[in-house]
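The values are calculated or read from the model by the stated rules, or taken from the named source; none is laboratory data. Source: prediction; values computed, not measured. As a convention, Cβ positions derive from the backbone with ideal geometry for all residues, glycine included, and neighbour counts pool all protein chains shown. Surface areas here come from the heavy atoms of the whole protein model, side chains and all, with no ligands, DNA or RNA. Shrake-Rupley method; radii C 1.70, N 1.55, O 1.52, S 1.80 Å.
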Amino acid sequence: ENVACQGDSSETVDILQTVLSSSCTADLGRSIIVSTLRMAKQVPKKVFYEKDLGQKNLVKLSCGHYVDKDQLLPFTKKILDQGLLTIHCTIGANSLLSWQTVRSLLQLPQDELTTLERQLEENSRQHPETLKKCPSCTCCVQRDSEETLCVKCPSCPGKGGVDYKFCWDCLRDWPLSRESPTCSDDCSSKTLLKFCEPINLPRSSVHNCPSIRECPGCSGLLNHCGGCNNIICPICCCRFCYRCMVTNINHGTTCKIKPNLPPNDNA
């Protein structure tokens, strides 16, 4: 029992298995070793370390602590199996490890990584703001900090040797020289325009149109309050079609619905 407590759990298991296989082991001794062997196998492997112990499988984290890469995968699977979304260093301030950080540390084959990300996406259904997909490579990413909307995706090579970054809210490319917590002055309005729900009124002329529009005259945000698809902006009196956004003309219901932003709008 003293050997089991002092040694590494994996080494203890090997030693006990060797002793257990010996024909000279008494029945009483065998029962004690079997019991100790079961306990040794149940000892959880250590994942995070406060200091570098000189082991080749330890990698330094941004929080200053170290993680055992060999134990990170079973630890991650356990977290996801519990329906959780975030992985934290368990030492000190319990620092967050973003999914992109975990992804780069695991270095798994694509099929295994896809399985983990599907489970992660399933866990995030009740909390969609905790997980998004990179607009460039569609890999799952999480915010490293609540202080900025700028998110870096390590899976994207970037351009000219510069890391690819995007805005967490509007998913547009992050300006290279931007140091503000937001990507632009119109970030909030672009976010509303990009992710607003479509109008669900099958008998209306604006059925399936975005529920929020940007006036082509003054850029003010407005929504459809009933009636036909030809509306007048209450701010600047600009007249336009709510479906195709063409100005100064009366349209029927056959014109094509124009999206608020182009599908590939990242600028």
Please find the FRET efficiency linking residue 115 to residue 225, where r is the Cβ-Cβ separation and R0 is fixed at 45 Å, and quote it to the nearest 0.05. 0.45
Within segment 148-198, which chymotrypsin sites (Phe, Trp or Tyr not before Pro) sit in a loop by DSSP and count at most 15 neighbouring Cβ atoms inside 10 Å? none
To two decimal places, what compactness ratio does segment 116-246 give when its Cα radius of gyration is scaled by 2.2 N^0.38 Å? 1.30
Neighbour net charge for residue 134 - beta-carbon separation under 13 angstrom, K R +1, D E -1: +4
Starting from the alpha-carbon convex hull of segment 116-193, give the projected area averaged over all orientations, in nm². 5.7
Cβ-Cβ FRET estimate between residue 122 and residue 244, R0 fixed at 45 Å, reported to 0.05: 0.75
For the modelled label position 7 Å from the Cα of residue 69 along Cα-to-Cβ, which residues of segment 89-105 have backbone nitrogen atoms closer than 13 Å? 102-105
Once the whole set of protein chains is in place, how much accessible area is left on residue 88, using a 1.4 Å probe, in Å² to the nearest 10? 60
Charge-dipole axis of segment 117-193 as Lys and Arg at +1 and Asp and Glu at -1 on Cβ define it, positive-most pick from 175, 189, 134: 134
Stretch gain in nm, segment residue 77-residue 148, where the contour uses 0.36 nm per residue and the Cα spacing is subtracted: 22.7 nm
From largest accessible area down, sort 171, 201, 176; use a 1.4 Å probe on the protein chains. 176, 201, 171
Cross-link table 165/258; 46/78; 45/132; 165/194, entries beyond 25 Å C-alpha to C-alpha: 165/258; 45/132
Please compute the contact order of segment 147-267 in relative form: average sequence separation of alpha-carbon pairs under 8 Å and at least six residues apart, divided by the residue count, as a percent. 17
